[in-house]
Amino acid sequence: MTKRVETAFLLEPVTLKLEKISPTRKLSDGIKQTPRYQTVAASIKEVGIIEPPIVYPEKGSRGMYLMLDGHVRLEVLRELGHKEVLCLVSKDDENCTYNHKVSRIAPIQEDRMIRKAIAAGVPEARIAKALNLSENTIRRTRTRLNGICAEAIELLKDKPVADAALNVMKKVKAYRQIEMAELMIAANRYSGPYANALVINTPKELFVNPESKQKLPRAADLAKMEHEMQSLERDFVVLNESYGRNVMELTLARGYVKKLLDNAKVVKFLAQRKPDLLGSLQQVVEASSLEA
């Protein structure tokens, strides 16, 4: 007999007054100056709430709810003067990290979405407001990938490649663009300077305009670069010896912290007594990687 799968949320969302929602963590100081907060604020101003916050009925407090996910959205709504918000009600009071496994949108994917929106008739001004970007930035998406071959774009479509790196890739032919994309992925480096370093080692015949091949650094600069590379190699050897042990210890520590924060009573206690500590622990658990 097939076991019935239970839903994690109530099937119908509920509209709650903001005063009935209790945060389970304190937002960090200066959060309102961060690009993330400003982007969320711009999106809510222009199109409203897209992803409803997630709450859980607070035990022993009639009509009150604990905020499980959506603290930034809640703060933005309060700042904008909203009185209520549509929420999803969880059936479990575990304060899990809902966005822990979210894959952030890559620049190339963002470009595709913007171009589709423009093609569908959405005004550029409205897209700019919703994404907290300038209209000039939105217009540049039309030509951002011009000059880059489809194969290289496909390789980098889900990577955090910088605009400067894309601009540098346009200087070389398709074959070299694919090579550069593969090297970026292998090294997990997508910055403009790294792309420039790859271009320096590109044969003249692989440039779109061979006469524009970048000049090599002077001998003194090359010697300095060689010395820095040797230092980096020594540091890498030292770090490589302790990396495995450190990763294991950090993984165990983060797992223990997550287990603590999955307990609603612990979260409520910290929120009331040690909000700063709770915020720090939340950042540890919500980090997308150990490097973050």
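Among the residues of segment 134-152, the ones that are buried (at least 17 other Cβ atoms within 10 Å of the Cβ) and more than 20 Å from residue 118 (Cα to Cα) come to 3 in all. Restricting attention to segment 264-278, and to residues there that are in contact (Cβ under 8 Å) with a residue 40 or more places away in the chain and open to solvent by 70 Å² or more (accessible area, probe 1.4 Å), which single residue is farthest from residue 92 (Cα to Cα)? Among those that are in contact (Cβ under 8 Å) with a residue 40 or more places away in the chain and open to solvent by 70 Å² or more (accessible area, probe 1.4 Å), it is 276.
Taking the criterion of being out of contact with any Phe, Trp or Tyr (no Cβ under 7 Å at 6 or more places or on another chain) and at pLDDT 90 or above, the residues of segment 16-36 that qualify are 17, 18, 19. The residues of segment 171-194 that are more than 19 Å from the chain's Cα centre (by Cα) and open to solvent by 60 Å² or more (accessible area, probe 1.4 Å), listed by number, are 171, 173, 175, 182, 183, 186, 193. Of everything in segment 52-65 that's touching a helix residue (DSSP H, G or I) at 6+ places or on another chain (Cβ under 7 Å) and either free of Cβ contacts under 8 Å to residues at least 40 places away in the same chain or crowded, with 20+ Cβ neighbours inside 10 Å (or both), which residue is nearest to residue 282 (Cα to Cα)? That would be 53.
Applying the condition of being assigned to a loop (DSSP other than H, G, I, E, B) and at pLDDT 75 or above to segment 195-219 and asking which residue is least open to solvent (accessible area, probe 1.4 Å) yields 202.
The values are calculated or read from the model by the stated rules, or taken from the named source; none is laboratory data. Here the structure is a predicted model, which means the values were calculated and not measured. Quick reminder, even Gly has a Cβ in these numbers, built from the backbone with ideal geometry, and neighbours come from all protein chains shown. Side chains included, ligands, DNA and RNA excluded: accessible areas come from the protein's heavy atoms. Shrake-Rupley method; radii C 1.70, N 1.55, O 1.52, S 1.80 Å.
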